[in-house]
Amino acid sequence: MKLFRQLLLAAALGCIAIPGFAGHKNFKVSVYVRAYEVEKMKDTQWLESTWKTISSQLDVDKIYLETHRDLLIVDHATLEKAKKFFEKQGIEVAGGITYTISEPNDFETFSYSDPADRAKVQEIAEHTARHFDEFLLDDFFFTSSKKDVEIAAKGDKSWTEYRLELMNEAGRNLVVGPAKKVNPKVKVIIKYPNWYDHFQGLGFNLEWGPKIFDGVWTGTETRDPAGAQHLQNYLSYNVMRYYENISDGRNGGGWVDSGGIFMSMDRYAEQLFLTAIAKGRDVMLFDYSQLLSVRLNPRFRAPWQDGEVSWKYDEMTASFKKGKETVEPSTMARIADVVLRKADALVGKLGNPVGIHSYKVFHASGEEFLQNYLGMIGLPMDMYPSFPEGRKAVLLTKQAATDPDLTAKIHKQLQGGGDVFITTGLLQAVPEKIAPICELRCEGYKALVNDFGRFGQSERDILIPQVHYLTNDSWEVVSAGRPLTGGVSGYPILHRALYSQGTLYVVTIPDDFGQLYDYPAGVLNEIRRAMSKDLDLYLEGPSKVGLFLYDNKTVIVENFNDTPVEVKLCGDPALKSFTDLENGEVVPAAVPQASGQGFFFMMRGKPQAKAAFTLPPHTYRAFRYE
């Protein structure tokens, strides 16, 4: 810190320049350097030339120098050389570890029951703590090993039980404890990746890990949603909020790589932007080598870039002035810089994120990553590891099924005047826990539907689970058939059952979660309206549009579609207008003239004020409303 102040003073007096000092106001921008590239930094020419390429295009606040990956341990002299180099640039420096034996071999991990592997893991932690007062564990502090030593140590336990216990012990006794013995000041941070719903099977322990380590980081890489992990765009925001909720506010930041940039520049930009608007304290760019090697390419420019969009590829790739120099952008580093500068200017105007509380029991499985699909249909998600208290609406998926007190908690919520929304996955898993509230069944029968009556029609057939109920004991709010109008059968899409002072709703989830996007806008509007009682606003419009709400009457709406969409923001009848936080444009809100009558019209309650506007493809708008 003393050196940093001296550098700032010298710069102010005109003695030296600090090209790398970024000065972002609302979050830091960091770069992670793999051990392979840190090893190369023993070559002064390579270090200086590569840093010039990156720093001329990207303002960096902090850098993480990795000490180990794939059994490559960077030596003391090289670490110290690199560390001092970046400190002289005015950059904060921390360490990193990737506990892999061989990434190319299916991300081969250490065997934490093997004495030799355990010794190596401890050695790496101690080595890193000698050089840094903070270091971060990259994605791979888990184990996939099924060597004979692991099979013997597991005994009769399941792999999940065994690995959860094993990695807790390893975290305490092989990493955190030894590191702090070497350097009592060191902070050891664990970065959790994006596949959180499968963690328990590999030993990542979200219940105890945040208590063992000094903080957590978040993998917000979503890349191509059609890939093997089904990483929907919204996950980049949702997982940030989830890790913040489970770590008592000690989520250091989000971590994005170049995956997805070959779909278009917008796919990369969206990941960075969502990480920032989730109120990440830091945005980490993985990694140094990608910032050098992923060259700007006309392929990154999508067809919709010819219109008015949030991120303009042509402007990003044009030459620009930095100080007295003219810079010709050459790599993805320039894209990151422009996106994060724009996000930084916006994030300072946003309050704390708010959303629909969803209960996810630690280590639960079932309906994996569903909340990210729900986020993509305009439902602001906020996942918690305990049953939410004091809410008007609570969402329960199959991940709540293992709670032994679930029925009592639902009863308390409803008796207090709140609503409970359960998915068909939860109903099918534990009908006996729902039956004391309402006798409903979801027994494995399917229906193929495409007609939703007055709520519209889908362009494709959708396979849904059938919900069965007792006539006049509960009621369908939204129904579907093939066809429904003039057909012979209809099935619930949104179902309601009155209980005490509240209402239990069942939301029908298609067998393929992605077919939520095929629900007509009318269906989605009804689901959004019903589930948003804790929120000031809800969205009307098609799917693949995200809604991001904050507690200071600010809101962001983002279109993830490749085509323009017409949307409406709906809220209290007293709503007057929405003022764009970036360009000052005012979008008026008004209560539309009432239309409709009868039972279903009366169910909708008082009319809402609505503000309508068009969103171009892969574009967001941010507003303050009054």
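Is it fair to say Phe387 is in contact with a strand residue (DSSP E or B) (Cβ under 7 Å, 6 or more places away or on another chain), surrounded by fewer than 22 Cβ atoms within 10 Å (Cβ to Cβ) and either under 25 Å from Tyr196 (Cβ atoms) or acidic (Asp, Glu) (or both)? Before you say what the answer is, go through the steps one by one.
Numbers: in contact with a strand residue (DSSP E or B) (Cβ under 7 Å, 6 or more places away or on another chain): yes; surrounded by fewer than 22 Cβ atoms within 10 Å (Cβ to Cβ): yes; either under 25 Å from Tyr196 (Cβ atoms) or acidic (Asp, Glu) (or both): yes.
In short, yes.
Could you please let me know if Glu439 is surrounded by fewer than 19 Cβ atoms within 10 Å (Cβ to Cβ), out of contact with any Phe, Trp or Tyr (no Cβ under 9 Å at 6 or more places or on another chain), outside the structural domain of Trp159 (by TED's automatic domain parsing) and among the acidic types (Asp, Glu)? Break it down stepwise before answering.
Values: surrounded by fewer than 19 Cβ atoms within 10 Å (Cβ to Cβ): yes; out of contact with any Phe, Trp or Tyr (no Cβ under 9 Å at 6 or more places or on another chain): no; outside the structural domain of Trp159 (by TED's automatic domain parsing): yes; among the acidic types (Asp, Glu): yes.
So Glu439 does not fit the description; no.
Please pick out the residue among Lys185, Lys147 that is among the basic types (Lys, Arg), at pLDDT 95 or above and over 15 Å from the mean Cα position of the chain (by Cα). Quick ask: steps written out before the conclusion?
Numbers: Lys147 fails: at pLDDT 95 or above.
Matching residue, one of Lys185, Lys147: Lys185.
Can you name the condition, by its number, that Asn105 falls short on among (1) free of Cβ contacts under 8 Å to residues at least 24 places away in the same chain; (2) assigned to a helix (DSSP H, G or I); (3) within 18 Å of Asp70 (Cα to Cα)?
Condition (2) is where Asn105 drops out.
Please verify whether Pro184 is free of Cβ contacts under 8 Å to residues at least 24 places away in the same chain and in the same structural domain as Ile101 (by TED's automatic domain parsing), treating the condition exactly as stated.
Values: free of Cβ contacts under 8 Å to residues at least 24 places away in the same chain: yes; in the same structural domain as Ile101 (by TED's automatic domain parsing): yes.
So Pro184 passes the test.
From the list Glu476, Glu432, pick out the single residue that is part of a strand (DSSP E or B) and assigned by TED's automatic domain parsing to the domain that holds Ala521. Steps first, please.
Details: Glu432 fails: part of a strand (DSSP E or B).
Unique residue meeting the criteria: Glu476.
Quick one: which of Ile212, Ile190 is surrounded by 21 or more Cβ atoms within 10 Å (Cβ to Cβ), closer than 26 Å to Val361 by Cα and assigned by TED's automatic domain parsing to the domain that holds Leu274?
Values: Ile212 fails: surrounded by 21 or more Cβ atoms within 10 Å (Cβ to Cβ).
Ile190 is the lone residue from the list that is surrounded by 21 or more Cβ atoms within 10 Å (Cβ to Cβ), closer than 26 Å to Val361 by Cα and assigned by TED's automatic domain parsing to the domain that holds Leu274.
Yes or no: Asp266 assigned by TED's automatic domain parsing to the domain that holds Gly227 and surrounded by fewer than 24 Cβ atoms within 10 Å (Cβ to Cβ)?
Numbers: assigned by TED's automatic domain parsing to the domain that holds Gly227: yes; surrounded by fewer than 24 Cβ atoms within 10 Å (Cβ to Cβ): no.
Answer is no for this residue.
Of the residues Glu87, Glu66, Glu80, only one is in the same structural domain as Leu202 (by TED's automatic domain parsing), at pLDDT 95 or above and closer than 23 Å to Thr220 by Cβ; which?
On the way: Glu87 fails: closer than 23 Å to Thr220 by Cβ; Glu80 fails: closer than 23 Å to Thr220 by Cβ.
Residue meeting the stated conditions: Glu66.
Which members of the stretch 71-102 meet the condition of being among the hydroxyl-bearing types (Ser, Thr, Tyr) and either closer than 18 Å to Val186 by Cα or not in a loop (DSSP other than H, G, I, E, B) (or both)?
Keep residues of the stretch 71-102 that are among the hydroxyl-bearing types (Ser, Thr, Tyr), which gives 78, 98-100, 102.
Of everything in the stretch 71-102, those that are among the hydroxyl-bearing types (Ser, Thr, Tyr) and either closer than 18 Å to Val186 by Cα or not in a loop (DSSP other than H, G, I, E, B) (or both) turn out to be Thr78, Thr98, Thr100, Ser102.
Each row is one residue, and each column tells you yes or no for (1) closer than 20 Å to Glu103 by Cβ; (2) in contact with a helix residue (DSSP H, G or I) (Cβ under 7 Å, 6 or more places away or on another chain).
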| site | (1), (2) |
| --- | --- |
| Lys120 | yes, no |
| Asp139 | yes, no |
| Thr143 | yes, yes |
| Pro178 | no, yes |
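I'm trying to understand the selection: among the residues of the stretch 229-281, which are assigned to a loop (DSSP other than H, G, I, E, B) and acidic (Asp, Glu)?
We begin by selecting, within the stretch 229-281, every residue assigned to a loop (DSSP other than H, G, I, E, B); these are 229-234, 247-250, 257-264, 278-281.
Result: Asp248, Asp257.
How many residues, within the stretch 294-321, are in a helix (DSSP H, G or I), of a type outside the set (D, E, K, R) and either surrounded by 15 or more Cβ atoms within 10 Å (Cβ to Cβ) or out of contact with any helix residue (DSSP H, G or I) (no Cβ under 9 Å at 6 or more places or on another chain) (or both)?
At the first step, the residues of the stretch 294-321 found to be in a helix (DSSP H, G or I) are 298-300, 303-306, 313-316.
Next, from what is left, pick out any that are of a type outside the set (D, E, K, R): 298, 300, 303-305, 313, 316.
Filter again for either surrounded by 15 or more Cβ atoms within 10 Å (Cβ to Cβ) or out of contact with any helix residue (DSSP H, G or I) (no Cβ under 9 Å at 6 or more places or on another chain) (or both), leaving 300, 303-305, 313, 316.
Count: 6.
Can you pull out the residues in the stretch 126-149 that are in a helix (DSSP H, G or I) and touching a residue at least 60 places away in the same chain (Cβ under 8 Å)? Explain how you work it out, then say what you get.
Going residue by residue through the stretch 126-149, those that are in a helix (DSSP H, G or I) are 126-129, 148-149.
His127, Thr128 - these are the residues of the stretch 126-149 that are in a helix (DSSP H, G or I) and touching a residue at least 60 places away in the same chain (Cβ under 8 Å).
Given the condition charged (D, E, K, R), in the same structural domain as Leu137 (by TED's automatic domain parsing) and modelled with pLDDT of 95 or more, answer yes or no: does some residue in the stretch 222-239 qualify? Talk me through it step by step, then tell me what you get.
Within the stretch 222-239, the subset charged (D, E, K, R) is 223-224.
In the following step, the residues that additionally are in the same structural domain as Leu137 (by TED's automatic domain parsing) were identified as 223-224.
Still in the list and also modelled with pLDDT of 95 or more: none.
The answer is no; no qualifying residue exists.
Do you know which residues across the stretch 226-260 are acidic (Asp, Glu) and over 12 Å from the mean Cα position of the chain (by Cα)? Break it down stepwise before answering.
Of the stretch 226-260, the ones acidic (Asp, Glu) are 244, 248, 257.
Result: Asp248, Asp257.
Can you confirm whether Asp117 is assigned by TED's automatic domain parsing to the domain that holds Glu134 and in a helix (DSSP H, G or I)? Before the answer, list the steps.
On the way: assigned by TED's automatic domain parsing to the domain that holds Glu134: yes; in a helix (DSSP H, G or I): yes.
For Asp117, the condition - assigned by TED's automatic domain parsing to the domain that holds Glu134 and in a helix (DSSP H, G or I) - is met.
Restricting the search to the stretch 483-514, which residues are surrounded by fewer than 19 Cβ atoms within 10 Å (Cβ to Cβ), in contact (Cβ under 8 Å) with a residue 24 or more places away in the chain and farther than 30 Å from Ala408 by Cβ?
Pro483, Thr485, Gly487, Ser489, Asp511, Asp512, Gly514, listed by residue number.
Within the stretch 344-373, can you find the residues that are crowded, with 22+ Cβ neighbours inside 10 Å and either free of Cβ contacts under 8 Å to residues at least 24 places away in the same chain or within 18 Å of Ser310 (Cβ to Cβ) (or both)?
Leu350
Given the conditions (1) buried (at least 20 other Cβ atoms within 10 Å of the Cβ); (2) closer than 27 Å to Pro210 by Cβ; (3) touching a strand residue (DSSP E or B) at 6+ places or on another chain (Cβ under 9 Å); (4) touching a residue at least 60 places away in the same chain (Cβ under 8 Å), which single one is not true for Met332?
(2)
The values are calculated or read from the model by the stated rules, or taken from the named source; none is laboratory data. On a predicted model such as this, the values are computed, not experimentally measured, just so you know. Cβ sites come from the backbone with ideal geometry, for glycine too, and all protein chains shown count toward neighbours.
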